[in-house]
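A.B. asks: One structure is given below, represented as structure tokens, and several questions about it will come after.
The values are calculated or read from the model by the stated rules, or taken from the named source; none is laboratory data. From a predicted model like this one, the values you see are computed outputs, not experimental measurements. Every residue, glycine among them, receives a Cβ derived from its backbone with ideal geometry; neighbour counts consider all protein chains shown.
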Amino acid sequence: MEITKPLLTIEDPDNLHLCFVLDDKTYAFKAKNVLEVTTLPLINEPQKLPEYIVGILNYNDLFINVIDIRKIFDLPQKNYELSNKIIILKGEESLIAVITDEVTDFFTAHPAKIQRVMGESFNNIVKTFYKLNDEVINIIDIPSLEETIKKAQFQENTTNYKDMFPHDEESICILQKRRNDIAKIPAMNLDADIYGKDQYIIFKLAEHTYCIYSLFVKELINLKNFPVTKIPYTPNFITGIINLKGNFYTVIDLKKFINLEYETQEPPQEKEGKIIVVESTELKLALLVDDIINIINISKEDIDTKNDMKLDNMFIKAEAYINNKVYNILNIDKLINDKRLYVDASS
């Protein structure tokens, strides 16, 4: 009997960590505390701010503190660049946004191999570290970080963070757009009480119009609001992993998966694509598509099931004809049972 398991299965989510870089050192947060990773936006700057706090970010209609963690670590200050990343964390008492140089990847820390830091280190917010392929990863204790920020409320901020942001007109426009995008994340939750059994999500792949049965779909989101963390040594159709409300989803570039040609060579993660979130018993998938067009009713009378190998190879289960338009119905069963999404776990 063949034993398989899904690609990129998160087998130990409690010990999964997200790595980020400051200068030449690598740090990590527990991934279950990470709500999102995004690129540096423009940050609101009240007149008076306590120590360590760069400003205030409107995140999904919540105002949260943005922390310059370099200052907590007593590292040399650096001007911010458009490439800087922000990690949004859920702490025990609050949400925190942390500015970093770069976010790298995930790793699972085996509890027995986590080592404790002797004495005080990095303002006492790094209590443990982990050696991964001869690299030392400093693990930040989030409750200690929260406590450090709380104490800083009573300290005067001596850093003019405003001068550390890019000041040219083009950069300011980019930062402003990012700020507006993150202020309220557009997402459409599919509720079975609203979306009936005859409803389908219409989406675009290159020049093709596809649709997927709505009861398979958990959520629709914008790719730009959920940056993808790449995972090495995976097939080219796997873009990486996203963290959606504490759950990790494998991002499948659907055009690559079904062998449709890209119109440009632009990498998928840089595009204004959309993601269709799908869950099955075995898999949590985020299907990357060009655009989501509409949600429409398609009755059984309008659906013509096909027995065509060419359509089958494009994962088309049937075609629907509505108002002289052809809609290709995605064969979701064939997709989630495709052998490429699984690896042999018997060896």
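A.B. asks: So for the stretch 36-44 (the condition being under 18 Å from the mean Cα position of the chain (by Cα), buried (at least 18 other Cβ atoms within 10 Å of the Cβ) and acidic (Asp, Glu)), does at least one residue qualify?
C.D. replies: Within the stretch 36-44, one or more residues are under 18 Å from the mean Cα position of the chain (by Cα), buried (at least 18 other Cβ atoms within 10 Å of the Cβ) and acidic (Asp, Glu).
A.B. asks: Report yes if some residue within the stretch 104-127 is among the aliphatic types (A, V, I, L, M), buried (at least 19 other Cβ atoms within 10 Å of the Cβ), out of contact with any Cys (no Cβ under 9 Å at 6 or more places or on another chain) and outside any loop (DSSP other than H, G, I, E, B); otherwise report no.
C.D. replies: Pass one, the stretch 104-127, residues among the aliphatic types (A, V, I, L, M): 109, 112, 114, 117-118, 125-126.
In the following step, the residues that additionally are buried (at least 19 other Cβ atoms within 10 Å of the Cβ) were identified as 109, 125-126.
Filter again for out of contact with any Cys (no Cβ under 9 Å at 6 or more places or on another chain), leaving 109, 125-126.
Now drop any that are not outside any loop (DSSP other than H, G, I, E, B), which leaves 126.
Checked against the condition, which is being among the aliphatic types (A, V, I, L, M), buried (at least 19 other Cβ atoms within 10 Å of the Cβ), out of contact with any Cys (no Cβ under 9 Å at 6 or more places or on another chain) and outside any loop (DSSP other than H, G, I, E, B), the stretch 104-127 yields at least one hit.
A.B. asks: Further question on the same structure: Among what's in the stretch 287-333 and is among the hydroxyl-bearing types (Ser, Thr, Tyr) and part of a strand (DSSP E or B), pick the residue that is surrounded by the fewest Cβ atoms within 10 Å (Cβ to Cβ). If you could, list the steps in order and put the result at the bottom.
C.D. replies: Residues of the stretch 287-333 among the hydroxyl-bearing types (Ser, Thr, Tyr): 299, 305, 321, 327.
Imposing the further condition that a residue be part of a strand (DSSP E or B) reduces the set to 305, 321, 327.
On the way: Thr305: 8, Tyr321: 13, Tyr327: 22.
Going through the qualifying residues, I end up with Thr305.
A.B. asks: Hey, can you tell me all the residues within the stretch 67-83 that are in a loop (DSSP other than H, G, I, E, B) and surrounded by 18 or more Cβ atoms within 10 Å (Cβ to Cβ)? Reasoning before the result, please.
C.D. replies: To start, the set of residues in the stretch 67-83 that are in a loop (DSSP other than H, G, I, E, B) comprises 73-83.
Within the stretch 67-83, Phe73, Tyr80 qualify.
A.B. asks: If you go through the stretch 132-146 one residue at a time, do you hit one that is in the same structural domain as Pro166 (by TED's automatic domain parsing), at pLDDT 90 or above, part of a strand (DSSP E or B) and touching a helix residue (DSSP H, G or I) at 6+ places or on another chain (Cβ under 7 Å)?
C.D. replies: yes
A.B. asks: Ile86 passes all but one of (1) surrounded by 19 or more Cβ atoms within 10 Å (Cβ to Cβ); (2) in contact (Cβ under 8 Å) with a residue 60 or more places away in the chain; which number fails?
C.D. replies: That leaves (2) as the condition not met.
A.B. asks: Which residue, of Asn65, Asn58, is under 28 Å from Leu175 (Cβ atoms), touching a residue at least 24 places away in the same chain (Cβ under 8 Å) and within 19 Å of the chain's Cα centre (by Cα)? Spell out how you get there, then give the answer.
C.D. replies: Details: Asn65 fails: within 19 Å of the chain's Cα centre (by Cα).
None of the others qualify; the one that does is Asn58.
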